[in-house]
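To keep things clear, I will list the structure first and then write my remarks on it.
The values are calculated or read from the model by the stated rules, or taken from the named source; none is laboratory data. Just so it is clear, the model here is predicted, and its values are computed rather than measured. Here Cβ is always computed from backbone atoms with ideal geometry, including for glycine, and neighbour counts include all displayed protein chains.
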Amino acid sequence: MQKQPLEFTVNGRRRQLLVAPYYSLLDTLRDEMQLTGTKKGCDEGDCGACTVILDGKPVTSCLVLAHSARDAEITTVEGLASPDGLHAVQQAFIEKGGLQCGYCTPGLIMAAVGFLQDNPVPSEEDVKFAIGGNLCRCTGYTKVIEAIMLAAETMREQNS
Amino acid sequence: MLRFDYLEARNLRQAISLLQRHGEDARLVAGSTDFLVRWRQGFWRPSCVVNIKGISSLRRITYSARNGLNLGALATVQAIELDPRIRRYYEALATGATSFAGVQVRNLATVGGNVCNASPAGDTLPALLAFDAQCNIAGPEGARTLPLTEFFRGPGRTALSTGEVLTGLKLPPPQPRTGSLYIKHSPRGAMDIATVGVASVLTLEDDGRTCKDARIALGAVGPVPFRASAAEAVLKGKEVTADLLAEAANEARNQATPIDDVRGSADYRKEMVEALTNRTLQYAFRMARGERLSFEEQRRLAVQTAF
């Protein structure tokens, strides 16, 4: 089963590569493109560590067939920061201490980015619901939730 | 290492002919959220997958007061959860969708996939059954429809024959004075499989007290999700009282045939069927009498955890 040509846009750059037909988007990002910011935890959609934004929506990239993402727009954690600095969500995780070992952090950040673009004025309950698909074994989530609430506030200020 | 070839169908005709050509060696995929997990576990070993995700006409959700709700098989669980018409007229389906995995999976998973995987614990299935969904099926011999109650043939087994594709689900128009709710009971509040799932739809007569129609469906307490018809019969034509709802809930318990597994013993599941049937009916009754529960309230009710 030979690799087949695949084209999509990752972090704003059009990419062409050869990918095996059974490869997940996660393995493609990590093994074929060396974008190792996106983590592999459970590889069955339970932990959320592999979350990326696919055509505007957060998805677990371990459950996406790479070839089904043809022509899609994908954003990984590597694509968030701009030359001016970190994304508001990344900055908020640092300020609030929303991470310890850091393994779940890219997935949580991508889930938060996806969530805040749809709900810029969330309640804490909304945030908990939005990160229900992300496992963190260090923080107990409290600082993560505080970080996402802070990021929401920062982003509202940036946009006003 | 397990491998498969990747094929894409651009339209329904192509999907059917690919499935016919490859027969048992092919597996149809859309969101692929169940497929990739089962493949990695070695349960499914197709030599090729046929991806139908690109057939955009199967993604549509349409609603009219006259024709009811049409769900394309490729409508995502997230699209169902967010649809204001479904939240308004088919509440139990919206709560079923909201209790389903995490948002990252809901953005990929399709309602057609949830139906075709035929898990006894599928979270959209009790609500679809309780809303009398009909399956639209296309195949080599043409199109046919089948009530969802006849679609499930066992865990993971459906009425589809080789070359057939589930193209959508049709739910009849909502009746006035109707309320509904789905409650999922699971060990964890998020990302867990249902220990028990119950959807109840209750319609009242003009007097606002007499039960005109009741439809109750149970998940994870039998080889397939099913309608608790004996419990429904208890309610029909009677004045709704707390005692009557309790009697119906007890009848639902008698109809459940659960197994013991890691999520709960059979006895525990039967207890939960009774409790959750009663609770979903109580809320459905309040909603049928005109009480509006916000979606956030319904979301809180939708998942009841053990811990």
Could you name every one of the strands (runs of 3 or more DSSP E) located completely within the stretch A:49-160 that has at least 2 residues being polar (S, T, N, Q)?
none
Note: among A:Leu65, A:Leu29, A:Leu25, A:Leu99, just one is surrounded by 19 or more Cβ atoms within 10 Å (Cβ to Cβ) and assigned by TED's automatic domain parsing to the domain that holds A:Asn134, namely A:Leu99
Could you list, in sequence order, the residues of the stretch B:156-202 that are more than 14 Å from chain A (Cβ to nearest Cβ), farther than 29 Å from B:Ser57 by Cα and over 14 Å from the mean Cα position of the chain (by Cα)?
B:Pro176, B:Arg177, B:Thr178, B:Gly179, B:His185, B:Thr195, B:Leu202
Yes or no: B:Ser17 out of contact with any Lys or Arg (no Cβ under 8 Å at 6 or more places or on another chain), more than 14 Å from every other protein chain (Cβ to nearest Cβ) and over 30 Å from B:Glu291 (Cα atoms)?
yes
Does B:Gly42 satisfy being surrounded by fewer than 20 Cβ atoms within 10 Å (Cβ to Cβ), more than 12 Å from chain A (Cβ to nearest Cβ), touching a residue at least 24 places away in the same chain (Cβ under 8 Å) and more than 24 Å from the chain's Cα centre (by Cα)?
yes
Identify all residues within the stretch B:205-243 that are free of Cβ contacts under 8 Å to residues at least 60 places away in the same chain and in contact with a helix residue (DSSP H, G or I) (Cβ under 7 Å, 6 or more places away or on another chain); write none if there are none.
B:Cys211, B:Ala228, B:Ala230, B:Ala231, B:Val234, B:Leu235, B:Lys238, B:Val240
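Each row is one residue, and each column tells you yes or no for (1) at pLDDT below 95; (2) farther than 23 Å from B:Leu18 by Cα; (3) surrounded by fewer than 20 Cβ atoms within 10 Å (Cβ to Cβ).
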site: B:Ile137; (1), (2), (3): no, no, no
site: B:Gly142; (1), (2), (3): no, no, yes
site: B:Thr145; (1), (2), (3): no, no, yes
site: B:Pro155; (1), (2), (3): no, yes, yes
site: B:Ser161; (1), (2), (3): no, no, yes
site: B:Leu166; (1), (2), (3): no, no, no
site: B:Tyr182; (1), (2), (3): no, yes, no
site: B:Pro187; (1), (2), (3): yes, yes, yes
Only residues in the stretch B:76-93 that are closer than 18 Å to A:Ala130 by Cβ and in contact (Cβ under 8 Å) with a residue 60 or more places away in the chain count as the first member; pair them with residues that are part of a helix (DSSP H, G or I) and of a type outside the set (Phe, Trp, Tyr), Cβ under 6 angstrom, at least 6 apart or cross-chain, and list the lot.
B:Arg87/B:Ala94
Considering the stretch B:99-113 alone, what residues qualify as being of a type in the set (S, T, N, Q) and at the interface with chain A (Cβ under 7 Å from one of its Cβ atoms)?
B:Gln104, B:Asn107
In the stretch B:1-25, how many are under 12 Å from B:Glu164 (Cα atoms) and crowded, with 17+ Cβ neighbours inside 10 Å?
5
Please list, ordered by first then second residue, the pairs with beta carbon atoms under 6 Å, 6 or more apart or interchain, first in the stretch A:136-152 and within 17 Å of A:Met110 (Cβ to Cβ), second of a type in the set (Val, Ile, Thr) and crowded, with 21+ Cβ neighbours inside 10 Å.
A:Ile145/A:Val127; A:Ile148/A:Val127; A:Ala151/A:Val89
Given (1) over 17 Å from B:Ser229 (Cβ atoms); (2) assigned to a helix (DSSP H, G or I); (3) among the polar types (S, T, N, Q), B:Asn250 misses just (1)
